[in-house]
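Take a look at the structure set out below.
The values are calculated or read from the model by the stated rules, or taken from the named source; none is laboratory data. On a predicted model such as this, the values are computed, not experimentally measured, just so you know. Please note: Cβ atoms are built from the backbone with ideal geometry, for glycine as well, and neighbour counts cover all protein chains shown.
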Amino acid sequence: QTVVTQEPSLTVSPGGTVTLTCASSTGAVTSGYYPNWFQQKPGQGPRALIYSTSNKHSWTPARFSGYLLGGKAALTLSAVQPEDEAHYYCLLYCGGTQPWVFGGGTKVTVL
Amino acid sequence: QVQLVESGGGVVQPGRSLRLSCTASGFPFGSDAVHWVRQAPGKGLEWVAVISHDGRNEYYADSVRGRFTISIDNSKNILYLQMNSLRAEDTAVYYCTREHTSPKFDSWGQGTLVTVSS
């Protein structure tokens with residue numbers, strides 16, 4: 001079974017920039033893994049941010065960007081706002097009998 | 001407007017069964033694959049199962065394969081998750097979500113809580 005790894009926690013100052021990554025235990029993440037990114041705040045369900053590596057939903061703020069970086073999927077938050085404090089999860093298509101796998105999530109603290 | 005509403009959660013004893021439902025509206029139900037995702041208390045998201053738009057293909061997480069069954073009733077726009085031989089570690093909020101083109105998971109339900117406890 002594929003294991004998807006994210007940083008457990010990151011801290012960023014308001015107005016700063018932070019990059020989250022998403023790695024697969026089977027090797028480099030490519031566009032064929034269709035990386036999706038989700039934001040989740042306490043007491044709420046997941047909210048989709050990015051699909052297929054870099055595509056934004058209509059509601060995704062421009063300061064969020066997704067891409068591939070050094071064999072991983074990455075999500076960069078620029079000009080971070082206090083309301084960006086949340087958990088962020090990546091989801092990868094890994095194929096096989098368990099085709100989709102979530103990363104463990106990254107807690108982003110804005111401080 | 002796409003809407004997904006889960007129901008059927010509750011408290012159940014270990015070893016017993018429970019069936020969750022997800023009622024969809026606002027999109028042609030038979031056009032997209034639909035998934036179940038769960039989240040144990042204080043833990044991250046875990047992908048559980050997916051069924052293809054036509055109901056012909058099903059895939060499961062290793063943790064539930066052989067115990068859970070996903071199905072759809074396209075005539076009623078309802079997705080189901082039949083959960084048998086429930087364990088304490090199945091305690092979680094269960095969400096349904098659709099896999100629209102690209103693929104993207106743009107719509108989620110509010111979740112339904114399943115508690116497995118004696």
Worksheet item: Got at least one residue in the stretch A:22-41 being farther than 25 Å from B:Tyr59 by Cα, in a loop (DSSP other than H, G, I, E, B) and not acidic (Asp, Glu)?
Response: yes
Discussion item. Out of A:Val101, A:Val4, A:Val12, I need the residue that is away from chain B (no Cβ under 14 Å) and in contact (Cβ under 8 Å) with a residue 40 or more places away in the chain. Which one?
Written reply: A:Val12
Worksheet entry | Checklist (1) surrounded by 19 or more Cβ atoms within 10 Å (Cβ to Cβ); (2) facing chain A (nearest Cβ under 9 Å) applied to B:Asp90, failing item | (2)
Response to the item:
When restricted to B:Ser63, B:Ser71, B:Ser25, the only residue at pLDDT below 95, on the phi < 0 side of the Ramachandran plot and out of contact with any Ser or Thr (no Cβ under 8 Å at 6 or more places or on another chain) is B:Ser25
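Among the residues that make up the stretch B:22-40, is at least one of them touching a Pro at 6+ places or on another chain (Cβ under 7 Å), more than 13 Å from every other protein chain (Cβ to nearest Cβ) and in a helix (DSSP H, G or I)?
No, the conditions are met nowhere in the stretch B:22-40.
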Worksheet item: What is the one condition in (1) over 14 Å from B:Val37 (Cβ atoms); (2) assigned to a loop (DSSP other than H, G, I, E, B); (3) not aromatic (Phe, Trp, Tyr) that B:Ser71 does not satisfy?
Response: (2)
Practice prompt. Answer with yes or no whether B:Ser63 is surrounded by 14 or more Cβ atoms within 10 Å (Cβ to Cβ), among the hydroxyl-bearing types (Ser, Thr, Tyr) and part of a loop (DSSP other than H, G, I, E, B).
Written response: yes
Discussion item. So for the stretch B:81-97 (the condition being of a type in the set (Lys, Arg), in a loop (DSSP other than H, G, I, E, B) and modelled with pLDDT of 95 or more), does at least one residue qualify?
Written reply: yes
Worksheet entry | Residues within the stretch A:81-98 that are under 15 Å from the mean Cα position of the chain (by Cα) and either free of Cβ contacts under 8 Å to residues at least 24 places away in the same chain or more than 14 Å from chain B (Cβ to nearest Cβ) (or both), tallied | 2
Worksheet entry | Residue satisfying condition, being more than 15 Å from the chain's Cα centre (by Cα) and over 23 Å from B:Cys96 (Cα atoms), within set A:Ser25, A:Ser65 | A:Ser25
Discussion item. Of the conditions (1) within 11 Å of another protein chain (Cβ to nearest Cβ); (2) assigned to a strand (DSSP E or B); (3) of a type outside the set (Lys, Arg); (4) touching a residue at least 60 places away in the same chain (Cβ under 8 Å), B:Val11 satisfies every one except a single condition; which number is it?
Written reply: (1)
Worksheet item: Can you tell which of A:Ser65, A:Ser58 is surrounded by fewer than 21 Cβ atoms within 10 Å (Cβ to Cβ) and part of a strand (DSSP E or B)?
Response: A:Ser65
